[in-house]
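The next block holds one structure in the form of structure tokens; read it before the comments.
The values are calculated or read from the model by the stated rules, or taken from the named source; none is laboratory data. Note that the structure is a prediction, hence the values are computed from the model and not measured. Cβ placement follows ideal geometry from the backbone for every residue including glycine, while neighbour counts extend to all protein chains displayed.
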């Protein structure tokens, strides 16, 4: 028999925590230039939200996780980074020289946008990689094992 | 001066926690103590005025503990005593 | 040698002790998960060492305060940026090592290193 | 898995004491944090501290160094993390799919 929840306390706590974690992760990403934070931290916080969701759901779900798709998403991170670097080359800059990005703002502000794009790439890569490692480690078990996660 | 004394005490706590975490016989207790070790390391990073590194270590301590718990659960599957 | 300089060396010695305790744990333990934890101890010691090298006597957090442009007033941001990436790589290393441990457990049905070596010699 | 010290533990301890001695001897050559004219704080770090706000617009110097001054490092490092994910998937998930580990005959359903 399939149980609907792993533990009621865990589920209530995670329902409170997961939206807060997602909002906080996005805040850390876009505010990383002005306060402690940045791409790596935002990626890990967003991955923590998904990992908490994985921990919350009952242990006997037979649902396979989308491990391969999330590996593809992790590959998107370095690609976003690379495209941001290559974007300034047609406009007369070097690789990763954000001052030549075609944005109609002041040059220092162009650097800010370049850093933001780069950190979006880092966030996507780190988040998807951590989730995929968690899925790979966790789903090796016996499919007949109905033990709880913790 | 107070900074140095605080940092030395914190490093002593880190050392003791890490040694207990590595040399305790029970595996799950070791994982939990390793999380405590990670928390004290976060305090040391904050004292060294590196809030970026402290933030990353705080979140990664949680993720690392999740990895250890889920992997040790897989590893102990054969030898239930 | 003043008192502050001596205490800074005490900090270095404590970090060296942390590193060596991780080293001893890696050599001493036969259980592979414990070896992995000892390796994490060594990584933490290296990160702490680099952060201590970037310290200054009255340094503040490397986030620019308006009006404070003295380079001696901030701690060195370069080791922090390098160690930030090192921590994330440590997490990836831990994940790969745990995956290896799971494969070893499935193959040999044990995690005792000396036992595995003994069976490999046969 | 009771931990008991083996006969070699004494030799391991001696090796560790030797390493500790070498490290403690080497720390006497290190600059303490009271030396502000240490070369590690002077050349490029001084430029980062004084010019990061004007050149990149980011008050957080760690982010400026990470994503702007040393952007190529971070690019390669992101691909290192991606490689870690790929390796973990290859070690566990692909082998599980081909029943390499389990040696069974049924294929466990995963919806890739």
What residue, among those in region A:67-84 that are modelled with pLDDT under 90 and within 7 Å of another protein chain (Cβ to nearest Cβ), is farthest from residue B:59 (Cα to Cα)? A:68
Those residues of region A:19-46 that are surrounded by 16 or more Cβ atoms within 10 Å (Cβ to Cβ), at pLDDT 90 or above and more than 11 Å from the chain's Cα centre (by Cα) come to a total of 3
Residue list for region B:42-55, restricted to those being more than 18 Å from residue D:33 (Cβ to Cβ) and crowded, with 23+ Cβ neighbours inside 10 Å: B:52, B:55
Looking only at region D:24-43, which residues are surrounded by fewer than 14 Cβ atoms within 10 Å (Cβ to Cβ) and assigned to a helix (DSSP H, G or I)? D:25, D:26, D:39, D:42, D:43
Residue B:15 passes all but one of (1) surrounded by fewer than 24 Cβ atoms within 10 Å (Cβ to Cβ); (2) within 26 Å of residue D:61 (Cβ to Cβ); (3) at the interface with another protein chain (Cβ under 8 Å from one of its Cβ atoms); which number fails? (2)
Exactly one of C:82, C:68 is in a loop (DSSP other than H, G, I, E, B), more than 8 Å from chain D (Cβ to nearest Cβ) and under 28 Å from residue D:44 (Cβ atoms), and that one is C:68
